[in-house]
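This report concerns only the one structure given below.
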Amino acid sequence: MLLKEKLLKILSRDNLLGAEKLDECFADAKRQATSVDKTLQSTGLLTEKQVLRVLSECLNTDYMERLSEGVIVPQDYTSKVSVHFSRTHNLIAVGEQDGTIKVATCAPLEQNPIDELAIMLDKNVVPVLAPRAEIAAMINKVYQQKVDVVDEMLAGLDMGDFADIAGALDGSKDLLDMANKAPIIKLVNMVFFQALKMRASDIHIQPYEDKLQVRYRIDGILYDMMTPPKKIQDAIISRIKVMGKMDIAERRLPQDGRDTIKLGDSEIDIRISSVPTSHGERIVMRLLDKSARLYEMEELGMDANELTKVSDFIGKSHGIVLVTGTTGSGKTTTLYAGLKRLNSTENNIITIEDPIEYHMPGISQIEVSEKKGLTFATGLRHIVRQDPDIIMVGEIRDLETAAIAIQSALTGHLVFSTLHTNDSSGSVTRLLDLGVEPYLVASSLIGVIAQRLVRLICKHCKEPYTPAPEELRKIGLTPEDLPEGKLYKGRGCEKCLNTGYLDRTGIYEILSIDDVMREQIMQRVGSNTIKQEAVRKGMKTLGMDGAIKVRTGQTTVEEVLRIITEMEVM
């Protein structure tokens, strides 16, 4: 049976598409010299997931909706196939058996790349189908943040060139001239590419009296990296300010800027902040990978009970759900995971953010611009006139924003937002401190998710050890609580920069607001009383969840104690 006939049979059976529309798609594909699966998606007739499911049945090929932790990419693949080839053709190996390599693709009708791959690997290649975002995420992961591409870009400059650059710039007094000289451009690019290779989320350029220190934040921890000569400090800072379209002549006032750099097929958004210090301007840059995929709720680190609670929150038709935690605790990632689950043609979702960290198809996203007068409060006031079902407010910072968000929740909208508080019950006190009336908080608040990020033990150098009872006592455990009396730690290896940790996961405290707590809020009782009531009803505190992740070998006692206070352990 021809491909067209098979497709029509399946599409008609599932009431997805008729013969006339399919004929048009085949004609369009032929005219544009592209494959019919791409045409079905580009015309909006079917989603990527629907196309892949249909082709999976049509071609008798496996379909993997998610390339999860269980997928092992053969080392043979990463050593013989370049990251550029994998990215260009959206291909990644997902397993090997009896000399045959399974390769995930989102374009099964394009046979040439699969054939090229078989020649490169000198093995049989069997395609399986997977969404493009899943394949891109797996490519990022296995090539260690595009290591091949980065290494190519770093090849032209090494640390020994600092002295040469300083010498080359000695004759120039014009800051703009220095900032645009080739050596300084290469040096600043090296700082960026090295940071991306090492999975850094932030770059700090910190001036001291006698040196300039470059630092990277990796998995939440700052590490000292390179130390360029002090004499090229002004040139480096001027180059970064030129990139961010900032005023290089203004050194006395703080400034903000932004830029985008390309790395392979990825775009990296850079948010730049400069402040004047006694030894020169200090620069901090946040790196946001626009191509990074959004997480599913199940990947955030919540257990089944916590997932059920959160699913209940986001399944409500109206009310306000708050995500709280310190800066860099993953609040925005959690909000996006919730929005991703709710994103459908039935829901009108609008967000107002500062800044927009990930672009989500199908959702209207507004970026705060205080210079233009677009604040959270003014934006939110206009959003409610756009007939939204779901609203996401990046952060509640003042009474005006809080009042409009709560009013929106009371008038039939589901509202998500974040607050900076230490734990879940503290968010109630914070809203009351902002000036929101207790009866409004009690009637609108559905639930609160408090969270932190803990580093995971490196899988490449993980080893067991027997902990002392005093160590366990710090997080409320006893030797009897441990499977086989052992805990785990990372020995330290190349993969984890000898830290023993690689990647992060969340620990959570999820507060469901019930009638008793609503009464407590009305009476303005303290946050500790609300927390005690929640724990009595089965809520796990941040410390309890951290202890579970220690006991199950995901992280260490030191790591949990690093990110939570003693009060939060109990």
**Request:** Output the qualifying pairs, or none if there are none: Cβ atoms under 7 angstrom, residues six or more apart or on different chains, first residue in the stretch 460-477 and without any contact (Cβ under 8 Å) to a residue 60 or more places away in the chain and closer than 16 Å to G553 by Cα, second residue part of a loop (DSSP other than H, G, I, E, B) and open to solvent by 80 Å² or more (accessible area, probe 1.4 Å).
**Result:** H460/K495; C461/R491; E463/R491
**Request:** Could you pull out the residue among I268, I248 that is surrounded by 14 or more Cβ atoms within 10 Å (Cβ to Cβ) and under 30 Å from L456 (Cα atoms)?
**Result:** I268
**Failed criterion for I363 (all others in (1) within 25 Å of R293 (Cβ to Cβ); (2) open to solvent by 60 Å² or more (accessible area, probe 1.4 Å) hold)** = (2)
**Prompt:** Which ones in the stretch 120-158 are modelled with pLDDT of 70 or more, of a type in the set (A, V, I, L, M) and assigned to a loop (DSSP other than H, G, I, E, B)?
**Reply:** A130
**Asked** Since R551 meets every condition but one in (1) in contact with a Gly (Cβ under 9 Å, 6 or more places away or on another chain); (2) in contact (Cβ under 8 Å) with a residue 24 or more places away in the chain; (3) open to solvent by 30 Å² or more (accessible area, probe 1.4 Å), which condition does it not meet?
**Response** (1)
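The rows are residues; the columns are (1) more than 24 Å from T345 (Cα to Cα); (2) hydroxyl-bearing (S, T, Y).
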{"site": "E5", "(1), (2)": "yes, no"}
{"site": "L16", "(1), (2)": "no, no"}
{"site": "A33", "(1), (2)": "yes, no"}
{"site": "L52", "(1), (2)": "no, no"}
{"site": "H84", "(1), (2)": "yes, no"}
{"site": "T88", "(1), (2)": "yes, yes"}
{"site": "I101", "(1), (2)": "yes, no"}
**Request:** Report, by residue number, each residue of the stretch 506-522 that is more than 30 Å from H460 (Cβ to Cβ), in contact (Cβ under 8 Å) with a residue 60 or more places away in the chain and not in a helix (DSSP H, G or I).
**Result:** E509, I510, L511, S512, I513
**Prompt:** Any idea which residue in the stretch 373-425 is nearest to V321 (Cα to Cα), counting only those that are under 25 Å from the mean Cα position of the chain (by Cα) and open to solvent by 30 Å² or more (accessible area, probe 1.4 Å)?
**Reply:** E395
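What strands (runs of 3 or more DSSP E) lie completely within the stretch 248-310 and have 1 or more residues being over 30 Å from T88 (Cβ atoms) and out of contact with any strand residue (DSSP E or B) (no Cβ under 7 Å at 6 or more places or on another chain)?
Working: elements: 255-263, 266-277, 280-289.
Strands (runs of 3 or more DSSP E) meeting the threshold: 266-277.
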**Item:** Subset of the stretch 32-80 [closer than 14 Å to V128 by Cβ, in a loop (DSSP other than H, G, I, E, B) and of a type in the set (G, A, S)]
**Value:** S68, G70
**Request:** State all residues of the stretch 71-83 that are open to solvent by 30 Å² or more (accessible area, probe 1.4 Å) and farther than 10 Å from I139 by Cα; if no residue qualifies, say none.
**Result:** I72, Q75, D76, S79, K80, S82
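The values are calculated or read from the model by the stated rules, or taken from the named source; none is laboratory data. Quantities reported herein were computed from a predicted structural model and do not represent experimental measurements. Every residue, glycine as well, gets a Cβ built from its backbone with ideal geometry; the counts of neighbours run over all protein chains shown. Quick note on the areas: whole protein, heavy atoms, side chains included, nothing else; ligands and nucleic acids left out. Shrake-Rupley method; radii C 1.70, N 1.55, O 1.52, S 1.80 Å.
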